[in-house]
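Just below is one structure, and these are the notes that go with it.
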Amino acid sequence: MIQRLHESGKLTLTILLVVFSLFSFGLSIVHSYATSTRGFLFLNWNLFLAFLPWAATTYITLYSHTTKTLTLAILLGLWLLFFPNSPYILTDLFHLLDRGKSPMWFDLIMILSFAWTGLLFGFISLFEIEKMLASTLKPKVVHLVVSTMIFLASFGVYLGRYQRWNSWDIFKSPIGLFADISDRFLNPLAHSRTWGFTVLMGLLLVMMYWTLKLFRSGMTSGALSPLHSRATNYESGK
């Protein structure tokens with residue numbers, strides 16, 4: 001696995017994700033020990049769920065030549081099912097209102113660390129999905145599909161945060177889940193909060209994703225080299 005990650009150029013980024021995850025986990029352990037409670041340990045479970053989409057796409061990219069079609073379809077299905085868990089951790093900021101024994105600044109840093117790591121898992125996995133789509137679809141179509149997936153994830157975040165549905169409820173309680181979703185599409189005016197949250201969260205995530213993508217492509221293409229040259233000239237006094 002490590003050798004394949006190294007050959008694919010993903011090893012450094014994987015190590016960084018591991019460091020972020022351990023940092024977040026460490027903060028939750030410190031919080032639990034300092035307050036003698038388990039109030040925020042659930043963040044580790046949420047981060048694990050956010051990790052699954054990244055694990056699925058990473059496996060696909062590392063073993064694409066040996067992965068069977070059925071296995072590939074299952075992994076992509078799991079990715080789509082669990083992808084909303086990545087941005088979902090942003091809504092855990094709501095728990096700052098649950099004041100406990102720890103300082104609010106510590107709780108804020110802890111939740112933000114989980115949220116950022118979760119977003120990285122999700123966005124990096126989406127980068128990989130975008131690459132797969134780009135091999136068969138036109139760029140404009142790929143952009144539309146990717147943005148649509150982000151808005152669907154935002155809808156999934158709403159279902160999880162406010163309706164308390166989980167990813168596995170599609171197997172555990174499919175009829176209830178389908179009925180709840182159908183009602184929101186058939187009676188949109190009766191669910192203004194649903195669509196207000198979905199649209200605004202979707203716009204935020206789309207802007208965040210394309211900002212990271214633009215910065216990432218700029219770094220790899222050398223588009224930021226003029227800025228680097230100016231900084232170098234400034235430091236050298238030219």
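The values are calculated or read from the model by the stated rules, or taken from the named source; none is laboratory data. Predicted model only: the values in this text are computed from it and were never measured. Methodologically, a virtual Cβ is constructed for each residue, glycine included, from the backbone with ideal geometry; neighbour enumeration extends over all protein chains shown. Surface accessibility is based on the protein's heavy atoms, side chains included, excluding ligands, DNA and RNA. Shrake-Rupley method; radii C 1.70, N 1.55, O 1.52, S 1.80 Å.
Numbers below:
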{"item": "Sequence-distant lysines (8 or more away, or on other chains) whose Cα lies within less than 16 Å of Lys101", "result": "none"}
{"item": "Low-density loop cleavage sites - trypsin sites (Lys or Arg not before Pro) in the range 73-164, where at most 10 other Cβ are within 10 Å (DSSP)", "result": "Arg99, Lys101, Arg164"}
{"item": "Portion, in percent, of the accessible area of the chain that falls on carbon or sulfur, probe 1.4 Å", "result": "71 percent"}
{"item": "The chain - charge dipole about Cα centre, Lys and Arg +1 at Cβ, Asp and Glu -1, debye rounded to 20", "result": "280 debye"}
{"item": "The chain - accessible surface per residue (Å², probe 1.4 Å)", "result": "60 Å²"}
{"item": "Potential lengthening between Asn166 and Met207 on full extension [0.36 nm per residue; Cα-Cα distance subtracted]", "result": "12.2 nm"}
{"item": "Partner aspartates and glutamates for Lys213 [C-alpha distance under 13 Å; skip if fewer than 8 residues away on the same chain]", "result": "Glu128, Glu130"}
{"item": "Straight-distance crosslink candidates among aspartates and glutamates, where the alpha carbon sits under 19 Å from Lys131 and sequence neighbours closer than 8 are dropped", "result": "Glu7"}
{"item": "Sum of -39500 (n - 2.57) over DSSP H runs of 4+, divided by residues of the chain (222 nm, nearest 500)", "result": "-26000 deg cm²/dmol"}
{"item": "log₁₀ of I(q)/I(0) at q = 0.11, 0.14, 0.15 Å⁻¹ - the chain, Debye sum with one point per alpha carbon", "result": "-0.69, -1.05, -1.17"}
{"item": "Calculated from backbone phi, Karplus (6.51, -1.76, 1.60) coupling profile of the range 189-198 in Hz, x at Gly/Pro", "result": "5, 7, 10, 5, 5, 4, 7, x, 5, 4"}
{"item": "Cβ-defined net charge surrounding Ser192, 15 Å radius [Lys, Arg +1; Asp, Glu -1]", "result": "+1"}
